[in-house]
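Asks: There's a structure below that I have some questions on.
The values are calculated or read from the model by the stated rules, or taken from the named source; none is laboratory data. Quantities reported herein were computed from a predicted structural model and do not represent experimental measurements. Every residue, glycine as well, gets a Cβ built from its backbone with ideal geometry; the counts of neighbours run over all protein chains shown.
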Amino acid sequence: MNELYGKIETKGLNPYFGFMHRDKEKHPTLASDMMEEWRTVIVDSTAMSMINGHEIHKEDFMTDMDEPGCFLTRNGIKLYLSKLEKKLQTEVRYLSYIDYAVSFRRAIALLFKGDTDGEKDFI
(Lines give C-alpha, C1' and ligand atoms only; values in the text may rest on other atoms or scores of the structure.)
Protein backbone atom coordinates (compact mmCIF):
# COMPACT_ATOMS: atom_id res chain seq x y z
CA MET A 1 0.00 0.00 0.00
CA ASN A 2 2.82 2.41 0.87
CA GLU A 3 4.46 1.82 -2.50
CA LEU A 4 1.20 2.62 -4.28
CA TYR A 5 0.72 5.69 -2.11
CA GLY A 6 4.16 6.98 -3.11
CA LYS A 7 3.57 6.35 -6.82
CA ILE A 8 0.18 8.09 -6.67
CA GLU A 9 1.75 11.17 -5.08
CA THR A 10 4.61 11.11 -7.62
CA LYS A 11 2.01 11.34 -10.40
CA GLY A 12 0.49 14.39 -8.68
CA LEU A 13 -2.74 12.64 -7.74
CA ASN A 14 -4.52 12.89 -4.41
CA PRO A 15 -4.20 9.48 -2.68
CA TYR A 16 -7.18 10.38 -0.45
CA PHE A 17 -9.62 10.80 -3.36
CA GLY A 18 -10.85 7.32 -4.25
CA PHE A 19 -14.24 6.07 -5.35
CA MET A 20 -14.61 2.41 -4.26
CA HIS A 21 -13.55 2.61 -0.61
CA ARG A 22 -15.20 4.60 2.15
CA ASP A 23 -13.53 7.90 2.89
CA LYS A 24 -12.06 7.78 6.41
CA GLU A 25 -9.72 10.17 8.13
CA LYS A 26 -6.09 9.48 7.19
CA HIS A 27 -7.01 6.59 4.85
CA PRO A 28 -5.64 6.81 1.28
CA THR A 29 -8.76 5.58 -0.51
CA LEU A 30 -7.28 5.89 -4.03
CA ALA A 31 -4.37 3.65 -3.00
CA SER A 32 -6.89 1.15 -1.59
CA ASP A 33 -8.89 1.31 -4.83
CA MET A 34 -5.80 0.60 -6.92
CA MET A 35 -4.67 -2.20 -4.60
CA GLU A 36 -8.02 -3.96 -4.99
CA GLU A 37 -6.97 -5.56 -8.30
CA TRP A 38 -4.03 -7.21 -6.54
CA ARG A 39 -5.65 -8.10 -3.21
CA THR A 40 -6.75 -11.63 -4.17
CA VAL A 41 -3.66 -12.44 -6.21
CA ILE A 42 -1.14 -11.24 -3.63
CA VAL A 43 -2.62 -10.61 -0.18
CA ASP A 44 -5.31 -13.29 0.06
CA SER A 45 -3.28 -15.99 -1.68
CA THR A 46 -0.35 -15.34 0.67
CA ALA A 47 -2.59 -15.71 3.72
CA MET A 48 -4.22 -18.88 2.39
CA SER A 49 -0.83 -20.36 1.47
CA MET A 50 0.40 -19.79 5.01
CA ILE A 51 -2.70 -21.37 6.54
CA ASN A 52 -2.72 -24.38 4.20
CA GLY A 53 1.05 -24.84 4.56
CA HIS A 54 0.86 -24.69 8.36
CA GLU A 55 3.27 -21.72 8.34
CA ILE A 56 1.09 -19.71 10.72
CA HIS A 57 -0.58 -21.04 13.84
CA LYS A 58 -3.38 -20.25 16.26
CA GLU A 59 -0.80 -18.72 18.64
CA ASP A 60 0.03 -16.10 15.97
CA PHE A 61 -3.44 -14.56 16.40
CA MET A 62 -5.08 -12.67 19.24
CA THR A 63 -8.48 -11.21 20.03
CA ASP A 64 -9.24 -8.00 21.84
CA MET A 65 -12.44 -7.61 23.81
CA ASP A 66 -12.33 -3.81 23.37
CA GLU A 67 -12.12 -4.06 19.58
CA PRO A 68 -14.02 -6.88 17.92
CA GLY A 69 -12.00 -9.00 15.55
CA CYS A 70 -9.02 -11.27 15.28
CA PHE A 71 -5.56 -9.76 14.90
CA LEU A 72 -2.05 -10.99 14.17
CA THR A 73 0.48 -10.94 17.00
CA ARG A 74 3.88 -9.34 16.44
CA ASN A 75 5.26 -12.74 15.47
CA GLY A 76 2.31 -13.33 13.13
CA ILE A 77 2.91 -9.98 11.43
CA LYS A 78 6.60 -10.79 11.06
CA LEU A 79 5.80 -14.18 9.49
CA TYR A 80 3.18 -12.69 7.16
CA LEU A 81 5.32 -9.78 5.99
CA SER A 82 8.24 -12.11 5.29
CA LYS A 83 6.03 -14.36 3.16
CA LEU A 84 4.41 -11.34 1.47
CA GLU A 85 7.81 -9.91 0.50
CA LYS A 86 8.76 -13.24 -1.10
CA LYS A 87 5.45 -13.19 -3.00
CA LEU A 88 6.07 -9.63 -4.23
CA GLN A 89 9.45 -10.74 -5.61
CA THR A 90 8.00 -13.76 -7.42
CA GLU A 91 8.19 -13.38 -11.20
CA VAL A 92 5.03 -14.29 -13.10
CA ARG A 93 3.43 -13.84 -16.50
CA TYR A 94 0.29 -12.30 -15.03
CA LEU A 95 -0.17 -9.21 -17.19
CA SER A 96 -1.72 -9.58 -20.63
CA TYR A 97 -0.10 -6.42 -22.00
CA ILE A 98 3.51 -7.57 -21.58
CA ASP A 99 5.07 -10.77 -22.94
CA TYR A 100 7.70 -11.41 -20.27
CA ALA A 101 7.71 -12.42 -16.61
CA VAL A 102 7.84 -9.66 -14.01
CA SER A 103 7.66 -9.59 -10.23
CA PHE A 104 4.35 -8.59 -8.70
CA ARG A 105 6.09 -5.46 -7.40
CA ARG A 106 7.11 -4.55 -10.97
CA ALA A 107 3.62 -5.38 -12.27
CA ILE A 108 2.11 -2.93 -9.80
CA ALA A 109 4.63 -0.30 -10.90
CA LEU A 110 3.56 -0.91 -14.51
CA LEU A 111 0.10 0.36 -13.56
CA PHE A 112 1.75 3.76 -13.44
CA LYS A 113 4.23 3.34 -16.24
CA GLY A 114 2.36 1.31 -18.83
CA ASP A 115 4.60 -0.07 -21.55
CA THR A 116 8.15 0.25 -20.20
CA ASP A 117 9.62 0.44 -23.70
CA GLY A 118 7.33 3.21 -24.88
CA GLU A 119 7.11 4.94 -21.49
CA LYS A 120 3.35 5.35 -22.02
CA ASP A 121 1.62 6.10 -18.73
CA PHE A 122 -1.61 4.43 -17.73
CA ILE A 123 -2.23 7.02 -15.07
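Asks: Among the residues of the stretch 52-66, write down those that are within 15 Å of residue 82 (Cβ to Cβ) and either hydrophobic (A, V, I, L, M, F, W, C) or touching a helix residue (DSSP H, G or I) at 6+ places or on another chain (Cβ under 8 Å) (or both).
Replies: 55, 56, 60
Asks: Evaluate the stretch 40-55: report whether one residue or more is more than 30 Å from residue 96 (Cβ to Cβ) and hydroxyl-bearing (Ser, Thr, Tyr).
Replies: no
Asks: Could you identify the single residue in 8, 42 that is modelled with pLDDT of 85 or more and surrounded by 13 or more Cβ atoms within 10 Å (Cβ to Cβ)? Write out each step before concluding.
Replies: Values: 8 fails: modelled with pLDDT of 85 or more.
None of the others qualify; the one that does is 42.
Asks: Can you find a residue that is of a type outside the set (Asp, Glu), assigned to a helix (DSSP H, G or I) and at pLDDT below 95 anywhere in the stretch 88-103? Working first, answer last.
Replies: Narrowing the stretch 88-103 to residues of a type outside the set (Asp, Glu): 88-90, 92-98, 100-103.
Now narrow it down to the ones that are assigned to a helix (DSSP H, G or I): 88-89.
Those still in the list that are at pLDDT below 95 too: 88-89.
Within the stretch 88-103, one or more residues are of a type outside the set (Asp, Glu), assigned to a helix (DSSP H, G or I) and at pLDDT below 95.
Asks: Could you tell me whether any residue of the stretch 61-74 is assigned to a helix (DSSP H, G or I) and either more than 23 Å from residue 111 (Cβ to Cβ) or touching a His at 6+ places or on another chain (Cβ under 6 Å) (or both)?
Replies: Of the stretch 61-74, the ones assigned to a helix (DSSP H, G or I) are 74.
After this cut, where a residue has to be either more than 23 Å from residue 111 (Cβ to Cβ) or touching a His at 6+ places or on another chain (Cβ under 6 Å) (or both) as well, the list is 74.
Scanning the stretch 61-74, I find at least one residue that is assigned to a helix (DSSP H, G or I) and either more than 23 Å from residue 111 (Cβ to Cβ) or touching a His at 6+ places or on another chain (Cβ under 6 Å) (or both), so the answer is yes.
Asks: With respect to the numbered conditions (1) under 23 Å from residue 105 (Cα atoms); (2) part of a loop (DSSP other than H, G, I, E, B), which one is the sole condition not fulfilled by residue 44?
Replies: Condition (2) is where residue 44 drops out.
Asks: Might you check whether a residue that is among the hydroxyl-bearing types (Ser, Thr, Tyr), at pLDDT 80 or above and over 13 Å from the mean Cα position of the chain (by Cα) occurs anywhere in the stretch 53-69?
Replies: The answer is yes, given that some residue of the stretch 53-69 is among the hydroxyl-bearing types (Ser, Thr, Tyr), at pLDDT 80 or above and over 13 Å from the mean Cα position of the chain (by Cα).
Asks: So, residue 114, is that one at pLDDT below 80, surrounded by fewer than 16 Cβ atoms within 10 Å (Cβ to Cβ) and within 20 Å of the chain's Cα centre (by Cα) or not?
Replies: yes
Asks: Right, next: Taking the stated definitions as given, is residue 80 among the aromatic types (Phe, Trp, Tyr) and assigned to a loop (DSSP other than H, G, I, E, B)?
Replies: So residue 80 fails the test.
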